[in-house]
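> Quick one: the structure is below, and I'll ask about it shortly.
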Amino acid sequence: MKIAIASDHAALEMKADLVQWLGAQGHEVSDLGTHGPESVDYPDYGYKLGEAIASGAAERGIALCGSGVGIAIAANRNPKVRCAQVSEPLSAKLCRSHNDANAIAMGARLIGPEMARACVTAFLTTEFEGGRHCARVDKLSKTPQDA
């Protein structure tokens, strides 16, 4: 699977761990940065992740920052992105099966590497259920006035 991953400085170590782990599993991983410990702005990396998904360069995305909140908000600015902040595998599974999430966000200051890998595994191995969820997911790409 083609996976884009992006982080700010707070999640640099978690990103490096996930890039290596995903690559070892045979995924094609695009590391969108950041690549150093210097302080950076998480929105810049959330926007990069959103563009990678919207353009089709990546099938799924993983966004990382200190809490997972800010970078998720940034990624979701792109109407083609459905990024859910997760901190355990059940949320990662449900965001895929019910919301057809194409990205997840996690907080490196909130969860450890084993939990992050468990969340990513649930996210990557769960299919969208479709059915009653389709109309709801379709509304997510529209403005409230058009929904």
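> Which condition number does K48 fail, the rest of (1) touching a strand residue (DSSP E or B) at 6+ places or on another chain (Cβ under 9 Å); (2) buried (at least 18 other Cβ atoms within 10 Å of the Cβ); (3) part of a loop (DSSP other than H, G, I, E, B) being met?
Only one criterion is unmet by K48, namely (3).
> Further question: Out of curiosity, is G23 small (G, A, S), under 20 Å from A84 (Cα atoms) and either without any contact (Cβ under 8 Å) to a residue 24 or more places away in the chain or surrounded by 13 or more Cβ atoms within 10 Å (Cβ to Cβ) (or both)?
Details: small (G, A, S): yes; under 20 Å from A84 (Cα atoms): no; either without any contact (Cβ under 8 Å) to a residue 24 or more places away in the chain or surrounded by 13 or more Cβ atoms within 10 Å (Cβ to Cβ) (or both): yes.
No, not satisfied.
> Checking the conditions here, which among A116, A54 is among the hydrophobic types (A, V, I, L, M, F, W, C), farther than 18 Å from D8 by Cα, out of contact with any His (no Cβ under 8 Å at 6 or more places or on another chain) and not in a loop (DSSP other than H, G, I, E, B)? Before you say what the answer is, go through the steps one by one.
On the way: A116 fails: farther than 18 Å from D8 by Cα.
Exactly one of A116, A54 is among the hydrophobic types (A, V, I, L, M, F, W, C), farther than 18 Å from D8 by Cα, out of contact with any His (no Cβ under 8 Å at 6 or more places or on another chain) and not in a loop (DSSP other than H, G, I, E, B), namely A54.
> Since W21 meets every condition but one in (1) under 17 Å from I111 (Cα atoms); (2) not in a helix (DSSP H, G or I), which condition does it not meet?
(2)
> Here is a further query. Being in contact with an Asp or Glu (Cβ under 6 Å, 6 or more places away or on another chain) and polar (S, T, N, Q) is the requirement here; does S141 meet it?
For S141, the condition - in contact with an Asp or Glu (Cβ under 6 Å, 6 or more places away or on another chain) and polar (S, T, N, Q) - is not met.
> Also: Return the total of residues in segment 26-74 being of a type in the set (A, V, I, L, M), under 14 Å from K2 (Cα atoms) and either out of contact with any Phe, Trp or Tyr (no Cβ under 9 Å at 6 or more places or on another chain) or modelled with pLDDT under 95 (or both).
7
> Does any residue of segment 60-70 turn out to be buried (at least 24 other Cβ atoms within 10 Å of the Cβ), of a type outside the set (V, I, T) and more than 25 Å from T125 (Cβ to Cβ)?
No, because not a single residue in segment 60-70 is buried (at least 24 other Cβ atoms within 10 Å of the Cβ), of a type outside the set (V, I, T) and more than 25 Å from T125 (Cβ to Cβ).
The values are calculated or read from the model by the stated rules, or taken from the named source; none is laboratory data. Keep in mind that this is a model prediction, so the values were computed, not measured. Ideal geometry is used to build each Cβ from the backbone, glycine not excepted, and the neighbour counts take in all protein chains shown.
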